[in-house]
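For reference, the structure discussed in these notes is given below.
The values are calculated or read from the model by the stated rules, or taken from the named source; none is laboratory data. These figures come from a predicted structure and were not determined experimentally. When we count neighbours, we look across all protein chains shown, and the Cβ atoms used for this are built from the backbone with ideal geometry, even at glycine. Heads up: the accessible areas ignore ligands, DNA and RNA and are worked out on the full protein's heavy atoms, side chains in. Shrake-Rupley method; radii C 1.70, N 1.55, O 1.52, S 1.80 Å.
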Amino acid sequence: MESILLSLSGGLLEAFQPLNLLMIVIGCVVGLFIGAMPGLGSVNGVAILLPITFLVPPNAAIMFLAAIYYGAMYGGAISSITLGIPGASTAVATVFDGRPLAIAGKADQALTAAAIASFIGGTISVVLFTLFAPPLADFALRFGPPEEFALMVLAFATFIGLGGDDIPKTIFSILIGLVLATIGLDIISGRPRLIFFDITGFMHGVNFLVLAIGIYGIGEMLWTLEQTEGNVIVHKVNMSWRAFVRNLGHVKHYIKTTVLGSVLGYFVGTLPAAGATPASLMSYGLAKTFSKDPDSFGKGNVAGVAAPEAANNAASTGSMLPMITLGIPGSPTTAILLGGMIIWGLRPGPLLFTEHPDFVWGLIGSLYVANTFTVLINLAFIPLFVRVLTMPFTILAPIIFVLCVVGGYAPSQSMHDVWLMLLFGVAGYLFRKLNYPVAPAVLAIVLGPLAEQSFRQSLLGSQGEVWIFFERPISATCIAIAAALVLYPVLRSLRKKAKAKS
Amino acid sequence: MAVHRGKQQETEMTVRTAEFVMAIATMLISIAIMWKSTELSIGWVPQKGPGSGAWPFWLSTGMLLASTATLVRWFLRATPESRSEESYIPRTALYVVGISVGALLFLLIATNFIGIYFALLLFLFFYLRFVGRHGWTATLSLTIGVPVFIFCMFEWALTIPLPKAISEPLFYPIYDLIY
């Protein structure tokens with residue numbers, strides 16, 4: 001415990017370095033903006049802006065990106081409430097009660113509740129993160145290749161079992177991500193692999209950023225351009241100091257659901273497939289169930305805004321737990337952070353805590369700082385962010401497109417990658433229109449090389465015996481849970497059919 | 001009006017058709033990757049473990065199975081998409097999406113010839129003025145401002161040279177200034 005406090009204070013000091021602090025503040029503002037714009041969420045912001053972070057050292061870069069992640073979670077509520085359109089998918093549940101409150105002229109009350117709840121969610125989850133991360137990393141130090149591989153199987157199985165999307169389409173998405181990761185030189189034999197049409201551009205492989213920017217930059221913009229045709233109505237917000245103090249007094253009405261939602265959100269967030277969106281929906285459901293007045297939900301209950309907002313912030317911290325300790329991202333956004341860490345020359349996984357303590361604890365420290373700054377910036381500049389929302393999308397879209405193109409070019413400096421990115425963007429848009437989930441593919445392309453390596457090393461160690469994954473207790477447990485997750489939706493649909501027949 | 005509506009729907013692809021086409025396309029892609037993987041050993045290499053082609057081969061086999069499952073479910077009308085007779089990409093969406101993709105294609109092709117900065121100028125001007133129908137102030141300030149920002153960010157701060165093609169000589173004086 002003492003060692004944790006000591007490391008944490010070191011991390012906080014690190015976060016207060018001038019450059020780092022500056023990056024955190026910029027990250028918070030950018031994140032709030034990105035979160036507030038409908039169609040842009042944390043994952044889009046992090047994917048599009050990652051190439052720009054090559055400018056600063058990795059420590060500052062990860063703090064910047066984590067602050068964007070944080071800010072976006074706060075920002076999502078702004079458009080959910082004032083526009084009635086979720087600023088990001090993670091803020092869908094915030095619309096349910098945020099919208100009725102705004103229509104009733106209580107937008108300020110909803111926005112304050114969202115900010116306070118986000119702060120509580122952030123704080124609780126960061127404390128949980130600080131307590132859980134070091135022991136989990138310690139435990140994970142014992143993992144060999146079979147355990148690593150089993151853990152990745154488990155991560156992918158959560159998409160099949162808990163993702164809620166069509167199962168064959170989810171499996172396809174996972175596998176195509178893994179296949180894309182195999183293009184280029186084979187890491188073990190050094191031989192070129194899957195060089196389609198002998199195009200030399202494939203020799204350096206498909207960088208995960210090419211897929212991530214393609215899908216979350218280009219594809220997402222096309223999707224949003226299609227969705228946001230027609231004008232939106234922004235609700236007026238009157239923010240004054242007196243109103244703020246009065247709204248602060250309402251905290252007692254939703255503090256219980258907020259705390260509950262924070263803890264729930266944190267744990268749901270650690271699961272790769274679940275993340276902030278389901279966490280916020282679950283938290284909303286829970287708040288409604290335990291409320292004394294469940295009928296008021298959906299008609300403008302402040303607790304209905306606070307519960308999902310606490311959960312989505314907590315979930316974003318939660319998703320960083322497996323990323324930092326196990327090297328398995330807990331969400332698409334952390335998948336991109338993980339890919340970034342690989343670019344910066346860090347090996348994600350349990351060793352990070354011992355090899356790069358300043359990096360890890362700096363990140364943890366920055367979460368505390370970012371959480372505090374975001375709530376302050378958010379509350380102070382709500383009117384400004386609301387005005388930004390009236391900006392037509394046709395101004396933002398070309399700027400994002402431009403950032404995508406140069407961002408896709410920068411890491412490998414080849415036009416081949418930019419073409420590929422455009423292809424992935426259009427394909428991602430077409431797939432998404434048919435409800436193929438795209439997040440598993442992004443996770444898979446990041447984890448692909450690591451999964452293949454651990455798979456082949458395991459088999460090499462066991463002379464080709466697949467049993468190695470079932471013999472070792474930790475890996476067997478992971479595989480067993482993975483199998484249960486995959487079988488669960490199948491059994492459920494069978495039972496539904498049996499019920500329908502009887 | 002009713003006649004017109006019917007005609008419009010005839011020419012637009014339904015979600016159901018799109019689901020079918022996509023399943024076939026993903027099956028073909030899977031088979032192509034499987035075939036490509038066999039260029040390398042997909043079996044067991046003594047002392048070296050599984051061959052280089054094994055991992056992608058079995059992954060793409062899984063892709064083929066998943067795509068086949070989607071196709072089977074299409075025939076059974078098991079998924080919401082395979083039952084939907086709605087338009088896959090409605091005409092209004094096709095316009096804005098098509099023009100965006102077209103403009104991006106132009107941006108990339110033009111980059112090959114006149115360099116990225118001049119391509120960006122044309123792209124931004126077209127998009128802001130003709131797609132977004134914004135005023136001259138917004139159009140011109142962004143058309144000039146964004147490429148300048150990109151230049152400062154990438155060439156100057158990050159020292160990542162972006163492709164300039166034939167426009168390269170125009171940048172020589174600026175290079176002298178910043179390097």
Counting only helices (runs of 4 or more DSSP H) wholly inside the stretch A:37-124, the ones holding at least 3 residues that are more than 15 Å from the chain's Cα centre (by Cα) are A:58-82, A:92-103
If you go through A:L376, A:L367, A:L363, A:L384, the only one that is assigned to a helix (DSSP H, G or I), modelled with pLDDT of 85 or more, open to solvent by 10 Å² or more (accessible area, probe 1.4 Å) and more than 11 Å from every other protein chain (Cβ to nearest Cβ) is A:L376
Counted residues in the stretch B:35-57 being in a strand (DSSP E or B) and either on the phi > 0 side of the Ramachandran plot or open to solvent by 50 Å² or more (accessible area, probe 1.4 Å) (or both) come to 2
Filtering the stretch A:435-454 for residues that are in a helix (DSSP H, G or I) and within 18 Å of the chain's Cα centre (by Cα) leaves a count of 9
Note to self: Would you confirm, using the coordinates I've provided, whether B:I99 is open to solvent by 50 Å² or more (accessible area, probe 1.4 Å), closer than 30 Å to A:T224 by Cα, among the β-branched types (V, I, T) and more than 8 Å from chain A (Cβ to nearest Cβ)?
What the structure shows: no
When the stretch A:191-210 is checked residue by residue, the ones that are open to solvent by 10 Å² or more (accessible area, probe 1.4 Å) and in a loop (DSSP other than H, G, I, E, B) are A:R191, A:I195, A:I199, A:V206, A:N207
Here the residues within the stretch A:5-30 that are touching a residue at least 60 places away in the same chain (Cβ under 8 Å), open to solvent by 20 Å² or more (accessible area, probe 1.4 Å) and under 14 Å from A:A370 (Cβ atoms) are A:L12, A:E14, A:F16, A:L21, A:V25, A:V29
Restricting the stretch B:58-90 to residues that are farther than 16 Å from B:M27 by Cβ and part of a helix (DSSP H, G or I), the one farthest from the other protein chains (Cβ to nearest Cβ) turns out to be B:R83
Conditions (1) without any contact (Cβ under 8 Å) to a residue 60 or more places away in the chain; (2) more than 23 Å from A:G330 (Cβ to Cβ) -> A:F33 fails only (1)
(message) Being outside the structural domain of B:S30 (by TED's automatic domain parsing), open to solvent by 20 Å² or more (accessible area, probe 1.4 Å) and within 25 Å of A:W419 (Cα to Cα) is the requirement here; does B:F106 meet it?
(response) yes
If we keep only residues of the stretch A:412-426 that are surrounded by 21 or more Cβ atoms within 10 Å (Cβ to Cβ) and out of contact with any Gly (no Cβ under 6 Å at 6 or more places or on another chain), then the residue farthest from the other protein chains (Cβ to nearest Cβ) is A:L420
Would you confirm whether any residue within the stretch A:455-472 is part of a loop (DSSP other than H, G, I, E, B), away from chain B (no Cβ under 14 Å) and of a type in the set (A, V, I, L, M, F, W, C)?
-> yes
Based on what the data block shows, is A:I188 in contact with a helix residue (DSSP H, G or I) (Cβ under 7 Å, 6 or more places away or on another chain), in a loop (DSSP other than H, G, I, E, B) and farther than 18 Å from A:P329 by Cβ? yes
Residues in the stretch A:160-190 that are farther than 19 Å from A:F469 by Cβ, in contact (Cβ under 8 Å) with a residue 60 or more places away in the chain, more than 9 Å from chain B (Cβ to nearest Cβ) and of a type outside the set (G, A, S) total 4
For the stretch A:411-432, does any single residue satisfy the condition of being free of Cβ contacts under 8 Å to residues at least 40 places away in the same chain and basic (K, R)? no
Considering the stretch A:295-327, residues that are closer than 30 Å to A:A104 by Cα and of a type in the set (V, I, T), and then whichever is most open to solvent (accessible area, probe 1.4 Å), we arrive at A:V302
**Prompt:** Among the residues of the stretch B:49-67, is any touching a helix residue (DSSP H, G or I) at 6+ places or on another chain (Cβ under 9 Å), in the same structural domain as B:L28 (by TED's automatic domain parsing) and farther than 30 Å from A:G461 by Cβ?
**Reply:** yes
Within the stretch A:337-360, restricting to residues that are open to solvent by 30 Å² or more (accessible area, probe 1.4 Å) and of a type in the set (V, I, T), the one that is nearest to A:A133 (Cα to Cα) is A:T354
